[in-house]
Amino acid sequence: MELYVVKSGDTIYQIARRYSTSADGIIFANQLQNPSVLSVGQALIIPNHETRRTVSRGDTLYSIARSHGVSPQRLIAANPHITDPNRIYPGQTVAIPADGRKMREIIVNGYATNAADSTLNATLPYLTFLSPFSYRSDLLGNLTPTFNLNLTLSGGQRTANLLTLTNLLEAGGFSSQIAHAVLTDQTVQDTFLENAEALLRHGGWYGVNVDFEYVYQFDRDSYNQFLRRLTQRMHQLGYIVVTALAPKLSDSQQGLLYSAHDYAAHGQTVDYVVLMTYEWGYTYGPAMAVAPINMVRRVLDYATQVMPAGKILMGVPNYGYDWTLPFVQGTAARSLTNIDAVTLAGQVGAGIQYDQAAQSPFFRYYDGDGRQHEVWFEDARSLRAKYALVDEYGLAGVSFWNLNHLFRTNFIVLESMFHVEKVL
């Protein structure tokens, strides 16, 4: 995999010639909706399987090494005909050495609610687990599905389905009261577990994925006890247990989203833990990166101190937001896909910038009414930076929220760095 950042005057056909590949291949890999319009600063995946590179104006051995994911030292060693590494010229051919490292197998989970069959078919090869979102509990422990997915597709791709259990309300939003009932009322909890077992027996599931959010702080111990009971029961039946946790920076972090999520207890009890390392930039907040890498690091720094890194699945967002500026409390950003974000930049003529601290792309533009907007999203650069954390921290893998829209670039980057473990 190669990565190219668009410069002023670039066209798809020029870029394709430069890398000795086809324009159609670049268009397909990047899902370009209008290939004739590129934005300065836009990151492109180049589907080039050649082992040689023709030098272009502005290239250096160091920039070429970086774009191919090899060290400058290895690149220099592979090109003994280049006597001065600081002097290369356009038209010169550079040999690209094979990486040579054995890629790790990692666990990859993905949540989805209403993905089309075509999207699932394109996504499932890159997943260990698919977690349809979700079966929601009511105050009595009854479980009702809220998703609309063709789960029969996953079996053919050797992707295991996880029964996702939540405390969602029918109208949307997480209910602290539902969680309280399931966690503290023995009769409700028994009904909940019996219903979960019935679904597991008849649905071809591999395990359960528990996502209880906005749990009362005083239910923290009850949640831990519930997980111990659930995990013991599931393991006896041959199923695994996964939980989803808010992105905490310390055990004492306050707030309804955080207090009852006990990292150490979950790490001791369940098989895998999804850390929801996203939503720093969110619908009702100010404009910023959805998953700034500096904040993701802080969560991982804490998490790996109190739970096994080999159980952690780092959350990765598959979306962006468009905020109207200046931010006014109570106003909402518009959610958009990563593909739509790049398309929008082209439509409004905005150059895409890249924030080094957050390791995330963004751009600003003015709408027809003269209002300024700011858009943050994910691209190949931000994804590569996030995936590098999996190796750095020794994590089990990653988990996507969500997979309703295909972002092909994501899986090209993932596949260039890891193999996906299949448990079926």
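Structure notes:
- Among Asp190, Asp84, Asp251, residue whose mean-square fluctuation peaks in a GNM of the chain (springs only between Cα atoms under 10 Å): Asp84
- Theoretical FRET efficiency, 1/(1+(r/R0)^6), r = Cβ-Cβ of Ser56 and Leu169, R0 60 Å, to 0.05: 0.60
- Segment Glu105-Glu392, extension gain: residue separation times 0.36 nm, minus the distance between their alpha carbons: 101.9 nm
- Here the spin labels are modelled as points 7 Å beyond Cα on the Cα-Cβ line, and at Phe147 and Asp190 they lie 3.0 nm apart.
- Projected-area average for the range 10-162 over all orientations - Cα convex hull basis, square nanometres: 13.2
- Only beta bridges with both residues in the chain are counted; by DSSP, about 45 percent of them are antiparallel.
- Whole-percent carbon and sulfur share, accessible surface of the chain, 1.4 Å: 50
- Shape category assigned to the chain from the gyration tensor of Cα positions, a/c cut at 1.5: prolate
- The distance separating the Cα centre of the range 1-24 from that of the range 284-309 comes to 34 Å.
- Extending 7 Å from the Cα toward the beta-carbon at both Gln157 and Arg364 defines two label points whose distance is 3.9 nm.
- Per residue accessible area in Å² of the chain, where ligands, DNA and RNA are left out and the probe is 1.4 Å: 43
- The stretch between Arg233 and Tyr284 holds 14.4 nm of extra length on full extension. This uses 0.36 nm per residue minus the Cα-Cα distance.
- Our helix-only sum for the chain, with -39,500 (n - 2.57) per DSSP H run of n ≥ 4 divided by its residues, gives a mean residue ellipticity at 222 nm of -10000 deg cm²/dmol.
- Additional length obtainable on full extension of the chain from Ala332 to Asp24, 0.36 nm per residue less Cα span: 107.2 nm
- Normalised by the number of residues in the range 227-309, the mean separation of alpha-carbon contacts (under 8 Å, six or more apart) gives a relative contact order of 31 percent.
- Fluctuation leader among Gly370, Gly320, Gly25 - the chain, Gaussian network, Cα springs under 10 angstrom: Gly370
- In this simple spin-label approximation, Gln177 and Leu139 carry label points 7 Å from Cα along the Cα→Cβ vector, and these lie 0.5 nm apart.
The values are calculated or read from the model by the stated rules, or taken from the named source; none is laboratory data. Note that this is a predicted model, so its numbers are computed, not measured. Counting neighbours? That spans all protein chains shown, and the Cβs are built from the backbone with ideal geometry, glycine included. Keep in mind that these areas ignore ligands, DNA and RNA; they rest on the heavy atoms of the full protein, side chains included. Shrake-Rupley method; radii C 1.70, N 1.55, O 1.52, S 1.80 Å.
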